[in-house]
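Working notes, beginning with the structure itself.
The values are calculated or read from the model by the stated rules, or taken from the named source; none is laboratory data. Keep in mind that this is a model prediction, so the values were computed, not measured. Methodologically, a virtual Cβ is constructed for each residue, glycine included, from the backbone with ideal geometry; neighbour enumeration extends over all protein chains shown. The protein model used for the area step is the full one, side chains on, heavy atoms only, and it has no ligands, DNA or RNA in it. Shrake-Rupley method; radii C 1.70, N 1.55, O 1.52, S 1.80 Å.
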Amino acid sequence: NTPDTDYKIADISLAEFGRKEIDIAEHEMPGLMSIRKKYAPSAPLKGVRVTGSLHMTIQTAVLIETLKDIGADVRWASCNIFSTQDHAAAAIAASGTPVFAWKGETLEEYWDCTLDALTFPGNKGPELVVDDGGDVTLLIHKGYELENGSKWVDEPASSHEEQIIKNLLKRVAKERPGFWHSVVKDWKGVSEETTTGVHRLYQMLEAGKLLVPAINVNDSVTKSKFDNLYGCRESLADGLKRAMDVMLAGKLAVVCGYGDVGKGCAHSLRAYGSRVVVTEIDPINALQASMEGFEVNTVESTLGRGDIYVTTTGNKDVLTVEHLKSMKDQAIVCNIGHFDNEIQVDALHKVEGVTKVNIKPQVDKFTFKGGSSIFLLAEGRLVNLGCATGHPSFVMSNSFSNQTLAQIDLWANKDRYENKVYILPKKLDEEVARLHLEKIGVKLTTLTKDQAAYLGVPVEGPYKPEHYRY
Ligand code: NAI
């Protein structure tokens, strides 16, 4: 590939449209734009090779161009087969940034794109990674372990996707001996976007396997308490509407999980006039949902009456094939959690006598032998990015400001950090919030010196102790 064609996307002619929407998004992303202004002159990521694996949307395009503005040498892939906005990918490719993403990739293509995004000219790997769900981190770790003698690739795969990853690693082992060790040698850190990816990082840390310092961006307050909550509060309904054009008022909607994402989904559906039932396994979250006036019950108790099901748990097998078979005729089923294993989609395909009719991209109707049907959205992958365009720019500006600050921090402290999982300091969290106030007309009250002394906090913050929960 020459630099001009170092990309794989759907259609480069969409670049102009993409650019127009990027211009609109920039006005809604004040955090990223002020980070550009502040850091571009000193270029703290000058020449640093950064691989991103994060939904290739218009908002992500603004993140990519921010990283480039502060000096980074960027390559990008999406972190989901359905989440790319092709005009966004085209605009990024046209501006000369290698990007490997299109809407509707196969899983084989998806993992090839991930490998392309982490392979810089000269077979070099990234120095920093922006991950969403942890797929780049997983691939590098598995590749490295394979070169160290791990037998994982030869063990039976637990899923079709796992087999694809194993095949890819075998191919790389043959074509590029020693590749993963050279990648790990240069790799200085990863910043992780989402709950599920963070969960994987802590598991690797506990197993003593984490190879680099990691920043948990998800648990910045200005990320999970905004993107996961207010983002889903808008983008879930967007996905449902674009997929099904369904009237939400009067429907019985079942939201599985009442964490940050579940809270946003449940409140959104209620605001439209749905009656909402929440399911939970955690007594604290269950009590919260109940105190907000939601019925909290089991999935089983809703079968036959639920019109819409949304999984938000980050867990697996939340809606089983038995649940799917017993649902009310024409129930709409979707997932907004990171991976597609919340709903037993594989098992659904194998139900005896089931027929599948594709209505349009990302909308399928499954009819069971007895005659009743369900609609499955985005094949069980995250519905807001598969059936709509993900969260709006303003909330993503908060998430991506944290991402950018995390990347700057990882590079600046690369010799100090250990291979652990870190959270950005509260001062930076408050700073991200501050950058978004003016745009929405917020006037902040300033503490007097006397008040600050009374509370025992600096006038300029940080204002809350680490244990404060917001
Ligand atoms: P969270 O941990 O705050 O919430 C998940 C909740 O599900 C918890 O309260 C947990 O107790 C509950 N839960 C677990 N197993 C359950 C089960 N079997 N039945 C009922 N409830 C169960 O996590 P958060 O931040 O809400 O994220 C959830 C998922 O959404 C993750 O996979 C995350 O990566 C993803 N996510 C997706 C976004 C999107 O735009 N689609 C945005 C942000 C996060």
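What aspartates and glutamates could a cross-link reach from LYS414, if we take a straight Cα to Cα line under 19 Å and drop same-chain neighbours fewer than 8 places away?
Cross-link targets: ASP73, GLU127, ASP131, ASP186, GLU192.
Accessible area per residue for segment 390-455 in Å², computed with a 1.4 Å probe and the full protein assembly in place, what is it?
Accessible surface, normalised per residue, equals 57 Å².
Cα-based Rg (one decimal) and Dmax (whole number) for segment 305-350, in Å?
Rg then Dmax for segment 305-350, in Å: 10.0, 27.
Rounded to whole Å and ordered largest first, report the semi-axes of the equivalent ellipsoid of segment 191-332 derived from its Cα gyration tensor (root of 5λ). Walk me through the numbers on the way to the answer.
Details: eigenvalues 170, 58, 42 Å².
Working through the eigenvalues yields semi-axes of 29, 17, 14 Å.
Could you rank the peptides 32-38, 336-342 by their average count of other C-beta atoms within 10 Å per residue, with the highest value first?
Result, highest mean Cβ count within 10 Å first: 336-342, 32-38.
What lysines could a cross-link reach from LYS263, if we take a straight Cα to Cα line under 17 Å and drop same-chain neighbours fewer than 8 places away?
Partners within reach: LYS223, LYS225.
To two decimal places, what compactness ratio does segment 5-49 give when its Cα radius of gyration is scaled by 2.2 N^0.38 Å?
Working: Rg = 14.2 Å, N = 45, 2.2 N^0.38 = 9.3 Å.
Compared with the compact-globule rule of thumb, segment 5-49 sits at 1.52.
Given 0.36 nm per residue, what is the gain on full extension from LEU287 to LYS414 after removing their alpha carbon distance, in nm?
Using 0.36 nm per residue and subtracting the Cα-Cα distance, I get 41.5 nm.
List the lysines whose Cα lies under 20 Å from the Cα of LYS38, skipping any in the same chain that are fewer than 8 positions away.
LYS46, LYS68, LYS426, LYS427, LYS439
Before anything else, pin down the relative contact order of the chain: Cα pairs under 8 Å, at least 6 apart, normalised by residue count, whole percent.
This gives 16 percent for the chain.
Over the Cα atoms of the chain, what is the Rg over Rh ratio if Rh follows Kirkwood?
Over the Cα atoms of the chain, Rg/Rh equals 0.97.
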